[in-house]
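What follows is a set of notes on a single structure, which appears directly below.
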Amino acid sequence: MQSDMKNAKIEKSIFWPSLILVVAATVLLVVFRESVGPVVESWMTAITFRLDWAFEFLTIGLFIILIWLMFGRYGRVKLGGADDKPEFSRFSWGGMLFCASMGTSIMFWSIVEPLYYYTGPPFGIDGKTTEAAEFAVSYGLFHWGISAWALYALPAVVMAYSFFVRRDHSLKISAACRGVLGKHADGFLGKAIDILVIWSMIGGLGTSLGLGVPMVAAVLGNLFGIQPSLWLNIVIIIIWTFIFSSSAYLGLYKGIRKLSDWNVYMALGLALFVIIVGPTLFILSYFTNSLGLMLDNFMKMSLYTDPITKGGFPQAWTVFYWAWFAATAPFIGIFVARISKGRSIREMVSNILLWGSLGSWIYFGVFGGYGMNLELTGEVPLTEILSEQGGPAVIVAVLNSLPLPVIVSAFFVILGFIFLATSLDSASYVIASVATKELGVNSEPARWHRLMWGILLSALAISLTIAGGLNVVQTSSVLVAVPVLLMYILMAMSLIKWLHHNEHLHVYVKKKK
């Protein structure tokens, strides 16, 4: 593997344009943030209202394709050769795919999101009513459940098939579209797709940083009695840089896997603590009711656009989420594909959909249920805190309501650091992979390359935090989801074409007796 890493040369036609685009765009956002912000915001609104139907049909369509892959004859196709075995245990594999995908976003939204739905519910329901309370957690389970993971699963399957079955030694989305694009995958169109994917990754990580940094700063500020400030945010980003750069430098086997394992243990430990010390029976009962309500209304939620009353709920939430997840999905797809050698298509799809959804549901069920209980009993007025002080203040109020608040807050901060670090180390690893010429099945991008993208991501985050332009990057990442819509169609068509025409390459996993 060491020789492979030395031979992993950068793809100059992707590396330099990506680097120039990211740096130039950041400089422009910093200099012209006052004028650029409103323009990007208006584009975002136009996309969510005019393409709501496209994103919703895409998501439900992907789910149908994945069901076909799971239960059809191609489900037993092995992602690799006859002698290839999985490189990671099921626990480490599941931990890495979940942690890379969710980051600190799940820690923030599992507490805050149900409160938004309680005060501004869908389907014309009045806010702060019994019906609104019933839908509060169920909509969170929907947004972070099977549909979201379907958006992540398809690129992962196509990339894994391209890399391990067709032996295309390239971890690029352009390679996953080769079945339709043909020779154009190596030309200008393919390069444009890969550069776009790198930009969408940077924007998606901007979103994670935009949520994670203020949240951790608020909890740290509360712990040490200091006011959250610009300098505290910068210190937090520097600490994050050290953690995830070290992990990315150590690589997939020694760094990223171990960090993800610890992340899962700590995340489950915190959830279990809240179930035990919180209103246990209410949390379990409320989760059961919310899950039933979500499953009962799954198709209604999936295709809800509210065209008559135009309240804006599906556009502000569902369509925004599908666009955000679609924009970051190529990065997740590449990473999950890289760690999935030796598994069958059925195993890969079912584990991404089920374990991914289960992890999200546990967090929404436990933390969303606990937060809603505080609000409904009047113990802590969380909706009031949310409207007056914002989301990070809600997180602090919820942590302070638990027993041993100092210990729990310290644990929450450490978990927050590790959660985002697992996303960022995976991202710097993937960006380096996309900008590398060729990668063998057992090789990794060069260490200096992985480290460079890690440091660059942090430099961008610090400069945008100082300039106050992080929100614009978050929004611009979602704009990338429009061309990603077409990318999904190309990937799905490529996979179906390959499965039909590459029968001679397939190794089938034997059915267990």
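How many residues does region 44-103 hold that are outside any helix (DSSP H, G or I), within 21 Å of W149 (Cβ to Cβ) and either among the small types (G, A, S) or open to solvent by 30 Å² or more (accessible area, probe 1.4 Å) (or both)?
Result for region 44-103: 4.
So which residues in region 114-129 are touching a Gly at 6+ places or on another chain (Cβ under 9 Å), surrounded by fewer than 22 Cβ atoms within 10 Å (Cβ to Cβ) and assigned to a helix (DSSP H, G or I)?
Scanning region 114-129 gives a single hit, T119.
A435 versus (1) open to solvent by less than 10 Å² (accessible area, probe 1.4 Å); (2) modelled with pLDDT under 75; (3) more than 21 Å from V235 (Cβ to Cβ): which is the lone unmet condition?
Going through the list (1) open to solvent by less than 10 Å² (accessible area, probe 1.4 Å); (2) modelled with pLDDT under 75; (3) more than 21 Å from V235 (Cβ to Cβ), A435 breaks only (2).
Need at least 3 residues that are open to solvent by less than 10 Å² (accessible area, probe 1.4 Å) and aliphatic (A, V, I, L, M) per element, so show me which helices (runs of 4 or more DSSP H) inside region 359-419 make the cut, counting only ones lying wholly within it.
391-401
Take A132 and decide whether it is under 29 Å from I67 (Cβ atoms) and open to solvent by less than 10 Å² (accessible area, probe 1.4 Å).
no
Collect the residues in region 307-335 that are in a loop (DSSP other than H, G, I, E, B) and open to solvent by 20 Å² or more (accessible area, probe 1.4 Å), keeping them in residue-number order.
Residues satisfying the conditions are P307, I308, T309, K310, G311.
Of the numbered conditions (1) hydrophobic (A, V, I, L, M, F, W, C); (2) crowded, with 17+ Cβ neighbours inside 10 Å; (3) out of contact with any strand residue (DSSP E or B) (no Cβ under 9 Å at 6 or more places or on another chain), V165 fails exactly one; give the number of that condition.
All conditions pass for V165, except number (3).
Cβ contacts < 7 Å: first residue more than 21 Å from L374 (Cα to Cα) and open to solvent by 20 Å² or more (accessible area, probe 1.4 Å), restricted to region 263-282; second residue assigned to a helix (DSSP H, G or I) and β-branched (V, I, T), any location; separation 6+ or different chain. Result?
These pairs meet every condition: M266/I418.
The values are calculated or read from the model by the stated rules, or taken from the named source; none is laboratory data. Everything quoted here is computed from the prediction, not taken from an experiment. All Cβ positions, even for glycine, are placed from backbone atoms using ideal geometry, and neighbour counts span all protein chains on display. Protein only, heavy atoms only, side chains kept; ligands, DNA and RNA dropped before computing areas. Shrake-Rupley method; radii C 1.70, N 1.55, O 1.52, S 1.80 Å.
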